[in-house]
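No value in this document is a laboratory result; all are computed from the given coordinates. What you are looking at is a predicted structure, and each value in this text was computed from that prediction instead of being measured. Please note: Cβ atoms are built from the backbone with ideal geometry, for glycine as well, and neighbour counts cover all protein chains shown.
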Amino acid sequence: MDTAAAVVIGGGPVRTPAREYGIVVAADSGLDEALAAGFTPTVLVGDLDSVSVSGMRWVAEHETPVHVHSADKDATDTALALETAVRLGAVSVDVYGATGVARLDHLLGTLAALGDPVLHELAHLRAFLDDGVVHVLHPGHTVELDLAAGATFSLLALHGRCDGVDVTGARWPLTRARLTPASTLGVSNVATGPARVSVAGGVLTVVVPAAPAAPAAPAAPAAPDAPAAPASPASPSPR
């Protein structure tokens, strides 16, 4: 069975669900963000140090399973939530989060967790971060990007060297390319239409940023001031 899972993390509002999910794992305060966005969490994971009282009340009322971890743990709540999704039988995972977080290390930790080998067998792995999308390709995986001509996307080897990188449907295609963690070769490519990206070895991160907002229409020029009426000639004073 094609069981899709959503993992919802804290740090800010998340978008509404992109599809139906058989598994919804809330990572700590991601529970509150999940409920606000219209998800129905099926399990709560984490040390529960930032979940709201109302969120915990919802969990109790709905008898949602809770996997409590010590605050002195060796993994983030996001990493634990991803592992839980796999353990529950997910074959694809979508992560929902926000990029405008106060803790940059948490955001980087989320991206790092997506490279965990435990996720290698997933058919699809992506993260919806604000209005952008991040696809994470484990070795031997491919993603089809439904992009309009002119859309920007980037490739990054965040988890180590990537070999056999192929890109088609782009202004700058690649064939059996190698990307290293310090390489910016794959940044700011431009789609010529639907694009295809694959990697033979390594974990490749494919970033599709949100489309830029359309420029505001220019304001109509102000109407010129009407010319002042000429002054009437002074009447002669009576003598």
(request) Counting helices only, and only those DSSP H runs with n ≥ 4, report the 222 nm mean residue ellipticity of the chain as the sum of -39,500 (n - 2.57) divided by its residues, in deg cm²/dmol to the nearest 500. (result) -4500 deg cm²/dmol
(message) I need the fraction of alpha carbon pairs in region 1-130 separated by more than 26 Å, rounded to a whole percent.
(response) 11 percent
(request) Give me the distance in nm between label points sitting 7 Å out from Cα along the Cα-to-Cβ direction at ALA60 and THR192, one decimal. (result) 6.1 nm
(request) Just flag the trypsin sites (Lys or Arg not before Pro) in region 39-104 sitting in loop per DSSP whose Cβ has no more than 10 other Cβ atoms within 10 Å. (result) ARG103
(message) Cut-off 20 Å, label point 7 angstrom out along Cα-to-Cβ of VAL91: give me the residues of region 181-205 whose amide nitrogen falls inside.
(response) none
(request) Determine the percent antiparallel among the DSSP beta bridges restricted to the chain, to the nearest 5. (result) 55 percent
(request) Scan the chain and report its longest stretch carrying no GluC sites (Glu not before Pro) that are both in a DSSP loop and have at most 16 other Cβ atoms within 10 Å. (result) 122-239
(request) Report the calculated FRET efficiency for ARG176 and ARG103 (r = Cβ-Cβ distance, R0 = 41 Å), to the nearest 0.05. (result) 0.60
(message) Over the Cα atoms of region 135-212, what radius of gyration and what Dmax do you get, in Å?
(response) 11.1, 32
(message) Please report the projected area of the chain's Cα convex hull averaged over all directions, in nm².
(response) 24.0 nm²
(message) Springs between alpha-carbon pairs under 10 angstrom, Gaussian network model over the chain: which of PRO13, PRO209, PRO181 fluctuates most?
(response) PRO181
(request) Starting from the Cα-Cα distance between ALA149 and ASP72, subtract it from 0.36 nm times their residue separation and give me the gain in nm to one decimal. (result) 22.9 nm
